[in-house]
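Undergrad: The structure follows.
No value in this document is a laboratory result; all are computed from the given coordinates. Everything numeric in this text was worked out from a predicted model, so none of it was measured.
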Amino acid sequence: MTTLTINGAERTLDVDPDTPLLWVLRDELRLTGTKFGCGVAQCGACTVMLNGMPRRACVTPIRTLAGADVTTIEGMSGREYDAVQAAWRALDVPQCGWCQSGQVMSATMLLQQLPAPNDQQNALFLHHRFFPWLCWRMRGDLEDRGPRGKEGRPSRTITGAFRQAPCASS
């Protein structure tokens, strides 16, 4: 038995200790916003917040989570999350949507850690935390439709839109 907090509620789970958190969330708790993508922690579709930091649920055995605080996309809220959602809509980001819950989780974490990221921080975020998940079509769309930098060229920052979102600057 493993006891942990999921989306603010304490849960005691009687599952095989080697079961990945992803399958506990989806199959046992019916929290299906966290998606299966690759199963090897590369695509990010299964990203959740574990004690306030992003974690790939597909490779996180439940036995390692006693006493942990897990937040899934269903449990997200707050100013930063609202800003991410507003930016997603403003930039018309959605494509197929499969991996977006993981992207939203990581983008929210960025704003929680850096409330007003500069262009360099935006670029690092995109290339190290965000771009590895994106299909080629979505990468091109973000670069083409994102906020414009100097000389009208795409600044290649989705987080630049967060500064324009209603909740980001308050």
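Undergrad: Principal axis lengths of segment 1-50 from Cα atoms, whole Å, largest first?
TA: Principal-axis extents of segment 1-50 (Cα, largest first): 29, 22, 18 Å.
Undergrad: Tell me, what are the semi-axes, in whole angstrom and largest first, of the equivalent ellipsoid of segment 1-125 as set by the roots of 5 times the Cα gyration tensor eigenvalues?
TA: Working: eigenvalues 138, 45, 34 Å².
Values for segment 1-125, descending: 26, 15, 13 Å.
Undergrad: Pulled fully out, how much extra length does the chain show between T32 and Q121, if you take 0.36 nm times their separation in residues and subtract their Cα-Cα distance?
TA: 28.9 nm
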